[in-house]
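> Quick one: the structure is below, questions incoming.
No value in this document is a laboratory result; all are computed from the given coordinates. What you see is a predicted model; the values in this text were computed from it and never measured. When we count neighbours, we look across all protein chains shown, and the Cβ atoms used for this are built from the backbone with ideal geometry, even at glycine.
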Protein chains: 2
Amino acid sequence: MADNADTSQRILDIAERLVQTRGFNGFSYADIAGPLRITKASLHYHFPAKAQLGKRLIERYERNFLAALAAIDRTGANARQKLRRYAAIYAEVLRDDRMCLCGMLAAEFSTLPKAMRENMKHFFDENERWLVGVLEEGRRSKQLKFTGAAREVARALVGSLEGAMMLARSYGETARFQVVADRLLAEVSA
Amino acid sequence: MADNADTSQRILDIAERLVQTRGFNGFSYADIAGPLRITKASLHYHFPAKAQLGKRLIERYERNFLAALAAIDRTGANARQKLRRYAAIYAEVLRDDRMCLCGMLAAEFSTLPKAMRENMKHFFDENERWLVGVLEEGRRSKQLKFTGAAREVARALVGSLEGAMMLARSYGETARFQVVADRLLAEVSA
DNA sequence: GTCTATAGGTGGATAGAC
DNA sequence: GTCTATCCACCTATAGAC
């Protein structure tokens, strides 16, 4: 049979999609056990409590997300291209009929275990940090222009993209997201 | 004792706050019955099914929201002022530690009864309609400036405000919302 | 690692008395 | 309109066999 690591990963894969589509409070162990063809009890061997599963989910999601940002950095793209690719990550998630994992959790914030809240905010803090770097680089190289602190622009970008994603998904229209994303990029382009 | 209408309203008041803070899937009839000091069974007299309670909740929320927009119109404020007041409605909700009811439901979209989904989208459609009117009025009067269709700008505004609200609430920092709202207004100001 | 069995709780919802 | 009592489905989680 599959070994521990393998099964754990598959559990996380299924749970991740469930959180991104239905929310952390919108799925149960039964929703994972069914497709995986193991029992609910077996899931508890890998993740004793749902809160721990949630925490691990965010940690993995952030790791993968930051890896994608690092990959963007390695392409040597200019600041404007980097922002476009940042938005493209969101668009890709949406095209797969998912919401951003942490955007979803932000809505459920008040019902989440404390550990998950901290992890969720850490994800957004890291997004902000990367964006601030890109924005400042872009301002220096005259690729980008904006007023005020880069941090403020970064926060506005993250919030706007998450919100646009949420509404686009409700309407089942990916294009709604793209239109907003394009406008946001245009607004900071020199 | 209180009559039907009175109790129904109080049920809606409590349920509304619960949805705005915990989400539609994040509360139960017990959460309403407790504070109201009646039993869960009694709640079913007023709202036989939770889905109906949810539907009525959205209808009332939209009615009140549109009334607030009509009130803005009656002030005779100019387009820029109207947008500022529009954002102020969001800020006020947030200051009360709530999310927009429909922004919350947008996150839970895939788990909602169909009737609630339709009502939720109608709320956003009406918001868009009002904003399009304000934006076009502002463009004519040179108070506002923006490229592209007013509808696109309206959708971007709604999405961005909802997203900013969601993140600001998670961080417990109302100021995060205001910073984004101010930037959005500045971007369409002539 | 996975299973059966089950505990202990809560979910929405109904019947019928008052 | 509100109550008590109850149903049944589902939830997370655990014990203990294999």
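> Using R₀ = 35 Å, calculate the FRET efficiency as 1/(1 + (r/R₀)^6) where r is the Cβ-Cβ separation of residue A:147 and residue B:13; round to 0.05. Write down the numbers at each step before the final one.
Values: r = 42 Å, r/R0 = 1.19.
Efficiency at R0 = 35 Å is approximately 0.25.
> Report the normalised scattering of chain A as log10 I(q)/I(0) at q = 0.15 Å⁻¹, calculated by the Debye formula with identical scatterers on the alpha carbons.
Each listed q corresponds, in turn, to -0.91.
> Additional query: What's the exposure ranking of B:170, A:110, B:160, going from fewest to most Cβ atoms within 10 Å?
Numbers: B:170 22, A:110 15, B:160 27.
The order, fewest Cβ neighbours first, is A:110, B:170, B:160.
> Going by how many other beta carbons lie within 10 Å of each one, how would you line up A:171, B:86, fewest first?
Details: A:171 16, B:86 21.
Fewest to most other Cβ atoms nearby, the residues stand as A:171, B:86.
> Given contacts defined as C-alpha pairs under 8 Å and at least six residues apart, what's the relative contact order of chain B, whole-number percent?
Computed value for chain B: 23 percent relative contact order.
> Need the full-extension length gain, residue B:122 to residue B:182, defined as separation in residues times 0.36 nm minus the C-alpha distance. One decimal, nm. Could the numbers behind the result be given before it?
Numbers: separation 60, 0.36 × 60 = 21.60 nm, distance 2.63 nm.
Extra length available between residue B:122 and residue B:182 comes to 19.0 nm.
> Can you name the helices of chain A, as whole DSSP H runs, whose Cα span along the helix axis is 15 Å or more and whose Kyte-Doolittle mean is not below -1.0? Before the final figure, lay out the partial values.
Working: long enough: A:4-22 (26 Å, -0.65); A:50-74 (36 Å, -0.36); A:79-95 (24 Å, -0.47); A:114-140 (39 Å, -1.17); A:150-171 (31 Å, 0.38); A:174-188 (22 Å, 0.55).
Helix filter hits for chain A: A:4-22, A:50-74, A:79-95, A:150-171, A:174-188.
> Under the rule of -39500 (n - 2.57) per DSSP H run of 4 or more residues, summed and divided by the residues of chain A, what mean residue ellipticity at 222 nm is obtained, to the nearest 500 deg cm²/dmol? Walk me through the numbers on the way to the answer.
On the way: 9 runs with 147 residues, N = 190.
When only DSSP H runs of four or more count, the value is -26000 deg cm²/dmol.
> Dividing the Cα radius of gyration by the Kirkwood radius, what Rg/Rh value follows for the stretch A:68-159? Walk me through the numbers before you get to the answer.
Numbers: Rg = 14.4 Å, Rh = 14.3 Å.
Expressed as Rg/Rh, it is 1.01.
> Please report the equivalent ellipsoid semi-axes of the stretch B:109-161, computed as sqrt(5 x eigenvalue) of the Cα gyration tensor, largest first, in whole Å. The partial results should precede the final answer.
Details: eigenvalues 157, 21, 9 Å².
Largest first, the stretch B:109-161 gives 28, 10, 7 Å.
> May I pose another question? Work out the mean other chain Cβ neighbour count within 10 Å for the residues of A:144-155 and drop it here as an integer.
Numbers: counts 0, 0, 1, 3, 4, 1, 0, 1, 5, 3, 0, 10.
Partner-chain Cβ atoms within 10 Å, mean over residues of A:144-155: 2.
> Please order A:80, A:22 by the number of other Cβ within 10 Å, starting at the fewest. List each step's numbers first, then the result.
Working: A:80 17, A:22 20.
Taking fewest neighbouring Cβ atoms as first place, the list is A:80, A:22.
> Set the Förster distance to 56 Å, then compute FRET efficiency between residue B:89 and residue A:45 from the Cβ-Cβ distance, nearest 0.05. Display every interim value, and only then the final one.
Working: r = 49 Å, r/R0 = 0.88.
Efficiency for this residue pair is about 0.70.
> Now, a different point. With unit charges on the beta carbon (Lys/Arg positive, Asp/Glu negative), name the residue among B:167, B:130, A:33 whose Cα is farthest towards the positive pole of the charge dipole of the protein assembly as shown.
Value: B:130.
> Which of rounded, prolate or oblate describes the stretch A:17-71 when judged by the alpha-carbon gyration tensor and an a/c cut-off of 1.5? Intermediate results must be reported in sequence, preceding the final value.
Details: a/c = 2.23, a/b = 1.91, b/c = 1.17.
Judged from the Cα gyration tensor, the stretch A:17-71 comes out prolate (a/c at least 1.5, a/b above b/c).
> In addition: Sorted from largest to smallest, which semi-axis lengths in Å does the alpha carbon gyration tensor of the protein assembly as shown give for its equivalent ellipsoid, taking the root of 5 times each eigenvalue? Display every interim value, and only then the final one.
Working: eigenvalues 221, 200, 49 Å².
Working from the Cα gyration tensor, I get semi-axes of 33, 32, 16 Å.
> Another question, then. Any idea what Rg and Dmax come out to for the stretch B:1-101 if you just take the C-alpha atoms, in Å?
In Å, with Rg to one decimal and Dmax whole: 16.0, 50.
> Place a +1 charge on the Cβ of each Lys and Arg in the protein assembly as shown and a -1 charge on the Cβ of each Asp and Glu, then give the dipole magnitude about the Cα centre in debye, rounded to the nearest 20. Present the calculation step by step, with values, prior to reporting the outcome.
Numbers: 60 positive and 46 negative charges, 97 e Å.
Value, rounded to 20: 460 debye.
> Report, in listed order, any pair from A:40/B:50; A:114/B:50; B:55/B:82; B:50/B:114 with a Cα-Cα distance greater than 21 Å. Can you show the working numbers first?
On the way: A:40/B:50 28 Å; A:114/B:50 28 Å; B:55/B:82 29 Å; B:50/B:114 13 Å.
Too far apart for the 21 Å limit: A:40/B:50; A:114/B:50; B:55/B:82.
> In addition: Among A:132, A:93, A:179, whose mean-square fluctuation peaks in a Gaussian network model of chain A (Cα, cutoff 10 Å)?
Comparing A:132, A:93, A:179 in a Gaussian network model of chain A, the most mobile one is A:179.
> Moving to a separate point now. In nanometres, what is the gap between the two model label sites at residue A:37 and residue B:78, each 7 Å from Cα along Cα-to-Cβ?
6.9 nm
> Tell me which A residue has its C-beta closest to the axis rotating A onto B, and the distance in Å?
Whole-Å result, nearest residue of chain A to the axis: A:163, 1.
> Grab the beta carbon distance between residue A:71 and residue B:190, set R0 = 45 Å, and tell me the FRET efficiency rounded to 0.05.
Details: r = 40 Å, r/R0 = 0.90.
My answer for the efficiency is 0.65.
> Placing unit charges on C-beta atoms (Lys and Arg positive, Asp and Glu negative, everything else neutral), compute the dipole magnitude of chain A about its Cα centre in debye, rounded to 20. Intermediate values should be presented prior to the final figure.
Details: 30 positive and 23 negative charges, 51 e Å.
So the dipole magnitude of chain A works out to roughly 240 debye.
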